[in-house]
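Below is one structure, written out as structure tokens, with a few remarks after it.
The values are calculated or read from the model by the stated rules, or taken from the named source; none is laboratory data. Given the structure is predicted, the values throughout are model-derived calculations rather than measurements. In this analysis, Cβ positions are derived from the backbone assuming ideal geometry, glycine residues included, and neighbour counts consider all displayed protein chains. Heads up: the accessible areas ignore ligands, DNA and RNA and are worked out on the full protein's heavy atoms, side chains in. Shrake-Rupley method; radii C 1.70, N 1.55, O 1.52, S 1.80 Å.
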Amino acid sequence: MNQPAGKLLLFGATGDLSRRMLLPSLFALHADGLLPPGLTITGTARSEKDDAGFRAFAAEALDQFLPAERKGDSAVASFLERLGYQTLDAEHAENFDPLAQKLGDISGGLAIFLSTAPWLFGPTIKGLAAAGLACGNVRIGLEKPLGFDLPSSREINDIVASAFPEERTFRIDHYLGKETVQNIMALRFGNSLFEPVWNAQGIDNIQITVSETVGLEGRAGYYDDVGALRDMLQNHMLQLVALIAMEPPARFDGTAIRDEKVKVLRSLRRIRPEEVSQLTVTGQYGKGAVTGKLVEGYADELGKPSGTETFVALKAHVDNWRWRGVPFYLRTGKRLAERRSEIVIRFKPVPHSIFAERGGMLQPNTLVIRLQPEEYVRLLVMAKQPGLDREGIRLREVPLNLSLDTEFAATPRRIAYERLLLDLIEGDPTLFVRRDEVEAQWEWIDSIRAGWAANDVKPKPYASGSWGPSAAIALTERDGVTWNE
């Protein structure tokens, strides 16, 4: 599947994801000469539009969401010429024939980006197949949600597999398109410094935090049915765990990397029902202040009481030789103190301090990989403070910084969807999620949810603008560990 597709078909082309991410990403690729010269982009959705209407819609989206340095680019006009549109009600298979006629000859390859409601997967796949839009030179990219538990995920995957074999199915997790996430592999496998201590002998604990300051933001209907565990932890955060914990792949390709990731996901220790109260914490935000602004609580935003969690913290283990006994602390939530996505690796202390008798206090080394809003890798090491040391040696923790924004200032920064769309068009599966990965993730998540149900776990209230319920602090501190804040 290394031949670039000659046509791109966007389902949900008039939706918010298309406006904010897909169209600006495709324009950036076009403006930089990265799209195949003859590639056409056809949008489809329920909205009644023609080609001119969709081009006007796209122009407005670009004007609103392109970075300032991109606005007014002379390439906008030529990008809009690539665009076409076909109205489609996907619930009826016969409606796909006009879409196929609009696309025309697809012998040069077709890439499909499918972002649709879960109940439309069946009719959409059947319609594509019936209209001849699922043949051997067509690949499909699937945007989440792909189910809400293991059985529903399997059902969707079976529907997709009926028309598209695994090698032509590209499941999207936009976190895998982030530059810093890909740098995890460069950091681990491109440097001899870290890999020898990247194991239970060298690492004390690993923390992964994905915190948001926003609330529902128009996603009330979706989010209240899903909650923080399934919305963020099941996909993005478990993929980060897999990248951090996987064994070195034999080569940098889609099969080798995903083989190693799925081994990690299958090695996650199940959290049994009797353990959920000790190993997991759930919360729901109430009123408070975020970045200096008063905000409503979740139930007030939703307009009704709800038992949905907007915060999850948990302690996980990967049961294999490399990670035996190393806790992975994961937390994610909305309306927290700041927006942050980061991985914190805390190494074990030195076995013996030669400075203790002279008053020198050592801290274990810490590696911080920040994904957003800044992008950097920071290693905290111990150094001696300047001085004559008449009253003892003074040691201090100092950072060794690699700021990706600074070091690569002259290199254009790509948002995740630029890379993922280009990989879909070119047929490179490396940064997409395989079916066995998805199902391993759901198996682990479903065991937690079953434990919550068995114990009638209710989310604990926390004030907006805080770091979640106090029980999340106790989750780590009873192990002698403090969250990186």
Response to the item:
Picking from ARG335, ARG346, the residue that is in contact with a Gly (Cβ under 6 Å, 6 or more places away or on another chain), closer than 30 Å to LEU380 by Cβ and either touching a residue at least 40 places away in the same chain (Cβ under 8 Å) or open to solvent by 60 Å² or more (accessible area, probe 1.4 Å) (or both) would be ARG335
Discussion item. It is to be established whether one or more residues within the stretch 313-326 are within 28 Å of THR476 (Cα to Cα), of a type in the set (S, T, N, Q), at pLDDT 75 or above and out of contact with any strand residue (DSSP E or B) (no Cβ under 8 Å at 6 or more places or on another chain).
Written reply: yes
Worksheet item: Looking at the stretch 141-192, which of the residues that are out of contact with any Asp or Glu (no Cβ under 9 Å at 6 or more places or on another chain) and hydroxyl-bearing (Ser, Thr, Tyr) is farthest from PRO429 (Cα to Cα)?
Response: SER192
Practice prompt. Can you tell me which residue among GLU439, GLU443 is at pLDDT 95 or above, part of a helix (DSSP H, G or I) and in contact with a Ser or Thr (Cβ under 8 Å, 6 or more places away or on another chain)?
Written response: GLU439
Worksheet entry | Considering residues of the stretch 359-373 that are surrounded by 13 or more Cβ atoms within 10 Å (Cβ to Cβ) and at pLDDT below 85 only, the residue farthest from VAL210 (Cα to Cα) | GLY360
Worksheet item: Does ALA200 satisfy the criteria of being in a loop (DSSP other than H, G, I, E, B), open to solvent by less than 20 Å² (accessible area, probe 1.4 Å) and in contact with a helix residue (DSSP H, G or I) (Cβ under 7 Å, 6 or more places away or on another chain)?
Response: no
Fill in: Scope the stretch 90-106; condition surrounded by 13 or more Cβ atoms within 10 Å (Cβ to Cβ) and of a type in the set (D, E, K, R); matching residues
GLU91, ASP97, LYS102
Practice prompt. Among the residues of the stretch 304-332, write down those that are closer than 25 Å to PRO459 by Cβ, touching a residue at least 12 places away in the same chain (Cβ under 8 Å) and open to solvent by 40 Å² or more (accessible area, probe 1.4 Å).
Written response: GLY307
Worksheet item: Of (1) modelled with pLDDT of 90 or more; (2) touching a Phe, Trp or Tyr at 6+ places or on another chain (Cβ under 9 Å), SER115 satisfies all except one. Which?
Response: (1)
Item to complete: Among what's in the stretch 60-87 and is open to solvent by less than 30 Å² (accessible area, probe 1.4 Å) and within 17 Å of LEU17 (Cβ to Cβ), pick the residue that is nearest to the chain's Cα centre (by Cα).
Response: LEU66
Worksheet item: Counting only residues that are touching a residue at least 40 places away in the same chain (Cβ under 8 Å) and either hydrophobic (A, V, I, L, M, F, W, C) or in contact with a strand residue (DSSP E or B) (Cβ under 6 Å, 6 or more places away or on another chain) (or both), how many does the stretch 252-278 have?
Response: 10
Worksheet entry | Of residues in the stretch 374-393 being in a loop (DSSP other than H, G, I, E, B) and open to solvent by 90 Å² or more (accessible area, probe 1.4 Å), the one modelled with the lowest pLDDT | ARG390
Discussion item. Could you go through the stretch 146-167 and let me know if any residue there is closer than 28 Å to GLY104 by Cβ, in a loop (DSSP other than H, G, I, E, B) and acidic (Asp, Glu).
Written reply: no
Response to the item:
Counted residues in the stretch 394-421 being modelled with pLDDT of 80 or more, open to solvent by less than 70 Å² (accessible area, probe 1.4 Å) and among the polar types (S, T, N, Q) come to 0
Item to complete: Go through (1) within 27 Å of the chain's Cα centre (by Cα); (2) surrounded by fewer than 21 Cβ atoms within 10 Å (Cβ to Cβ); (3) over 22 Å from VAL160 (Cα atoms); (4) not hydroxyl-bearing (Ser, Thr, Tyr) one by one and return the number of the condition GLN3 breaks.
Response: (3)
Discussion item. Among the residues that make up the stretch 233-253, is at least one of them within 22 Å of ALA313 (Cα to Cα), touching a His at 6+ places or on another chain (Cβ under 7 Å) and not polar (S, T, N, Q)?
Written reply: no
Item to complete: Evaluate the following for LYS49: is it basic (Lys, Arg) and either surrounded by 20 or more Cβ atoms within 10 Å (Cβ to Cβ) or within 28 Å of PRO429 (Cα to Cα) (or both)?
Response: no
